[in-house]
Amino acid sequence: MTAPGPLVELAAARKDYGTVTALDATDLTVVPGELVAVVGPSGSGKSTLLTIMGTLSRPSRGTVRIVGHDLDSLTDRRLSALRATTIGFVFQQFHLPPGPVVDAVADGLLYRGVARRRRRELAERALNRVGLADRVGHHTHQLSGGQKQRVAIARAVLGDPPLLLADEPTGALDSHSGNVVMELLRELHHDGTAVVIITHNQDIAAAVPRRIALRDGRIVHDSAVDVVDVADGVDVADMETLR
Amino acid sequence: MSRTRPARAFGPRPVRRPRSQPRPTRMKAADVLRVGGAGLRTRPTRVLLSALGIALGVAALIAVVGVSASGRENLDRRLDALGTNLLTAAPGKTATGAAAGLPPDAVAMVARIGPVEAVSAIGKTGAKVYRNDRIPPQESGGIGVYAARLDLPATVGTSLAHGTWLNPANEGYPAVVLGPVAAARLGVRAPGPDVQVWLGRRWFTVIGILAPAPLAAELDTAALVGWPEARRDLDFDGNPTTVYTRADNASIADVAAVLGATANPANPNEVEVSRPSDALAAREAADDALNGLLVGLGSVALLVGGVGVANTMVISVLERRAEIGLRRALGATRGHIGTQFLSEALLLSVLGGAGGILLGSAATVGYSTYRHWPAVVPPWAMAGGLVATLVVGVCAGLYPALRAAHLAPTEALAAA
Ligand SMILES: Nc1ncnc2c1ncn2[C@@H]1O[C@H](COP(=O)(O)OP(=O)(O)OP(=O)(O)O)[C@@H](O)[C@H]1O
Ligand SMILES: [Mg+2]
């Protein structure tokens, strides 16, 4: 888990979708073992930032390094392999396939050349880790939303990636299930995984050591950088003077 | 956290051991099949319907090939039983158009050709045959009355269905053997001492009924009487009208070449020599045109089935964008995704192909049983059906697979 050097380095990263600039002038470093919350209004570029960090899309401009690899130097194939070994994803909509829970989790290592028997072994262990050992034989459609998200987390961390990216993991859950999921993410962080969570929930953000605020595609606040914690809503010009 | 720091630019980094570039792993064949199969299992109705298209196409092809192969096998077996070494010589028309005859000693002369094993003959008489003496003379039912030599059935390769053949004891008496069609037309079901037909203005006793003679179909509609009896009572001139010749298989062409001149030395060009087994095979081969048409139709059905599979797969790719995005997030390469959808298309069409082979074989067996043929489905046809299915599967799956593979992961995830 303790890779030398940062997991993610963004330098002047920018992402354009046609005429829309979803992300601009973004510098960001995530080191192993961090727990980071990304907040910001809808459309501010949070998901875009996450997909760039997760190598699901390449920046239109700027540099992105993942565990030291410059994205520009990697082909799509190699990028996929990098994702398989380094990054786990959790989404708001779970994205679980129909079928047995254990197989859904085992898919987490499908693209890493691990034999099926071994995948299922690890899957059972991972389900145990997320507190769903008793649901191994169930089908995914028999689970509650909170349980589904825990299964999705088990799948994401099956290969022990050093980085876990979660896009509104509690967004589709009631507050109790949301708390259970957050507790789980905190445990993973405690065990050494770097976790980046996008959230709209102020309470969740407040309980996380590092907070990054986005507005109109720019980082307007990063608690690891800024000495003063500025309230959300400060405009960009103000932020520049703060830096 | 204490170790974080601003990263506006990449400053000097602590020296890291050089990292090798990450390499994707190849999916195991079992995993490819499982993932492809899982995609199909979740949509069973759609899968069955689009596999059915392929199945019908393959079934049509297999059935056409199978039925035609069964028919050919049946013909081969019949020809094996009948022998392909029978030649017939019949008088053609003279230059003036009148019916020609063969000289009375034609049989004896043909028998002198070296490789000839057996010779027999029939001679057409002018007589007519009726069910009884009250039928108007013009209603002769198309039955020809022939004088027949005693060795006719052995030479032609036919046998008696009922009763007995002519023999030296009765060939000079009013006894008749009927071809199967002639018997039916005359209403004779079985021969017997009291079964008589009105032939040449007198009563003839029916002593036998022939089995069908595939190599001499003219006998099926014939009434056959002894040679001496025909000469005596039916104004028969003694000229054979068809000479049947069995010759050594190896020399059959040589015999055919001299048969005309031997049977009728005076007018060799008037003799029509033919090999009935060839005619039989040719008649069967005439079905090939129909078979070609059916194969064409089957191919079109297969093609339409392929279009169905392609359609199913394209829809499947559209519906499963989120799944594709997720798989990319789990580390699937474009190749992995493409392979998954291609294997799905292949499974789908192989499923259809296997069903089609079963269906086509069943149809072949059913039809062959109905026709009393041996059922034959050539292994090459089954292999061909499977190969055609695979080709169709690849063609139908390629475009959807490429589409799935080149879907941007973010776009795929956003579609959910
Ligand atoms: N694939 C895309 N094509 C075009 N525009 C896009 C695409 N993805 C995002 N955008 C635009 O980029 C901007 C940032 O989108 P993003 O999804 O990153 O916002 P977000 O902060 O995650 O919002 P939310 O909280 O609603 O999820 C938005 O204006 C959005 O419309
Ligand atoms: Mg978002």
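May I ask for the angle, rounded to the nearest 10°, between helix A:116-129 and the longest principal axis of chain A, with both axes built from Cα atoms and the value confined to 0 to 90°?
Approximately 70 degrees, to the nearest 10.
Got the relative contact order for the stretch A:8-242 handy, in percent, Cα pairs under 8 Å and 6 or more residues apart? Numbers along the way, then the final one.
Details: 440 pairs, mean separation 63.2, N = 235.
Value for the stretch A:8-242: 27 percent.
For labels at residue B:299 and residue A:20 in the simple 7 Å Cα→Cβ model, what's the distance in nm?
Roughly 5.0 nm, to one decimal.
Going toward the positive end of the dipole of the protein assembly as shown, with +1 on Lys and Arg Cβ and -1 on Asp and Glu Cβ, which of B:355, B:395, B:143 do you reach last?
B:395
For the protein assembly as shown, what does the alpha-carbon gyration tensor say about shape, rounded, prolate or oblate, given a ≥ b ≥ c as the root eigenvalues, a/c under 1.5 as rounded, and a/b over b/c as prolate? Working shown, then result.
Working: a/c = 5.10, a/b = 4.15, b/c = 1.23.
Verdict is prolate for the protein assembly as shown.
Helix A:175-190 against the longest principal axis of chain A: what's the angle in degrees, Cα atoms only, rounded to the nearest 10?
Roughly 80 degrees, rounded to the nearest 10.
Calculate how steeply helix A:76-86 sits against the longest principal axis of the alpha-carbon atoms of chain A, using the helix alpha-carbon long axis, and give the answer as 0 to 90 degrees to the nearest 10.
70 degrees
Provide the net charge surrounding residue B:139, with neighbours chosen by a C-beta distance below 14 Å and charges set as Lys +1, Arg +1, Asp -1, Glu -1.
Working: positive: B:128, B:131, B:134, B:185; negative: B:133.
Result for the neighbourhood of residue B:139: +3.
Rounded, prolate or oblate: pick one for the stretch B:85-275, where a ≥ b ≥ c are the square roots of the eigenvalues of its C-alpha gyration tensor, a/c under 1.5 means rounded, and failing that, prolate if a/b is larger than b/c, else oblate.
Numbers: a/c = 2.08, a/b = 1.60, b/c = 1.30.
Prolate.
Going by accessible area, probe 1.4 Å, with all protein chains left in place, what is the ranking of B:252, B:135, largest first?
Working: B:252 15, B:135 55 Å².
So the residues, ranked largest to smallest area, are B:135, B:252.
Looking at the stretch B:311-337, which residues lose a minimum of 10 Å² of accessible area between their chain alone and all protein chains in place, measuring with a 1.4 Å probe and not counting ligands or nucleic acids?
SASA drop of 10 Å² or more in the stretch B:311-337: B:322, B:326, B:327, B:328, B:329, B:330, B:331, B:332, B:333, B:334, B:336.
Can you pull the percent of chain A's accessible area that's carbon plus sulfur, 1.4 Å probe, other chains left in place?
Working: 4480 of 9540 Å².
C and S fraction of accessible area: 47 percent.
Once you sort the root eigenvalues of the Cα gyration tensor of the stretch A:104-203 as a ≥ b ≥ c, which label holds: rounded (a/c under 1.5), prolate (a/b larger than b/c) or oblate (the other case)?
On the way: a/c = 2.06, a/b = 1.36, b/c = 1.51.
Judged from the Cα gyration tensor, the stretch A:104-203 comes out oblate (a/c at least 1.5, b/c at or above a/b).
According to a simple spin-label model (label point 7 Å from Cα along Cα-to-Cβ), what is the distance in nm between residue B:258 and residue B:201?
4.5 nm
Kindly provide the pair-distance distribution of the stretch A:8-242 built from C-alpha pairs, with 5 Å bins from 0 and whole-percent values in order of increasing distance.
1, 7, 14, 17, 19, 16, 12, 8, 4, 1, 0, 0
Could you pull out every residue, at least 5 positions away or on a different chain, whose amide H is within less than 5 Å of the one on residue A:89? Hs are placed 1.01 Å off N in the peptide plane, and Pro or chain starts have none.
A:165
Between residue A:207 and residue B:42, what's the calculated FRET efficiency when r is the beta-carbon distance and R0 is 30 Å? Round to 0.05. Intermediate results must be reported in sequence, preceding the final value.
Values: r = 39 Å, r/R0 = 1.30.
Result of the calculation: an efficiency of 0.15.
Among B:372, B:103, B:81, which residue has its Cα positioned farthest towards the positive end of the charge dipole of chain B, with +1 placed on the Cβ of Lys and Arg, -1 on the Cβ of Asp and Glu, and the dipole taken about the Cα centre?
My answer, from the dipole projection, is B:372.
Determine the shielding of peptide A:54-66 by partner chains: average, over its residues, the number of Cβ atoms on other chains within 10 angstrom of each Cβ. The partial results should precede the final answer.
On the way: counts 3, 4, 9, 4, 0, 0, 0, 0, 0, 3, 0, 3, 1.
Mean number of neighbouring Cβ atoms from other chains: 2.
For the stretch A:8-242, build the charge dipole from Cβ charges (+1 Lys, Arg; -1 Asp, Glu) around the Cα centre, then report which of A:45, A:32, A:56 sits farthest towards its positive end.
Positive-end residue among those listed: A:56.
Suppose R0 equals 51 Å; then what is the FRET efficiency for residue B:21 and residue B:49 from their Cβ-Cβ distance, rounded to the nearest 0.05? The partial results should precede the final answer.
On the way: r = 45 Å, r/R0 = 0.89.
My answer for the efficiency is 0.65.
Which whole-number value in Å² is the accessible area per residue of chain B, probe 1.4 Å? Present the calculation step by step, with values, prior to reporting the outcome.
Numbers: 19900 Å² over 416 residues.
Accessible area per residue: 48 Å².
What does the charge dipole of the stretch B:85-275 about its Cα centre add up to, to the nearest 20 debye, if the Cβ of each Lys and Arg holds +1 and the Cβ of each Asp and Glu holds -1?
Values: 15 positive and 17 negative charges, 89 e Å.
Computed charge dipole of the stretch B:85-275: roughly 420 debye.
Dipole of chain A, Cα-centred, from +1 at each Lys and Arg C-beta and -1 at each Asp and Glu C-beta, to the nearest 20 debye? Present the calculation step by step, with values, prior to reporting the outcome.
On the way: 27 positive and 29 negative charges, 242 e Å.
I would put it at about 1160 debye.
If I build a Gaussian network model for chain B, linking alpha-carbon pairs within less than 10 angstrom, which residue out of B:312, B:205, B:45 has the largest mean-square fluctuation?
Ranking B:312, B:205, B:45 by mean-square fluctuation puts B:45 first.
With +1 assigned to the C-beta of every Lys and Arg and -1 to the C-beta of every Asp and Glu, and no other charges, what is the dipole magnitude of chain B about the Cα centre in debye, to the nearest 20? It would help to have the intermediate numbers written out before the result.
Numbers: 40 positive and 29 negative charges, 931 e Å.
The dipole of chain B has a size of about 4480 debye.
The values are calculated or read from the model by the stated rules, or taken from the named source; none is laboratory data. Note that the structure is a prediction, hence the values are computed from the model and not measured. A quick note on method: Cβ atoms are made from the backbone with ideal geometry, for glycine too, and the neighbour counts reach across all protein chains shown. The accessibility values were calculated without ligands, DNA or RNA, using every heavy atom of the protein model including side chains. Shrake-Rupley method; radii C 1.70, N 1.55, O 1.52, S 1.80 Å.
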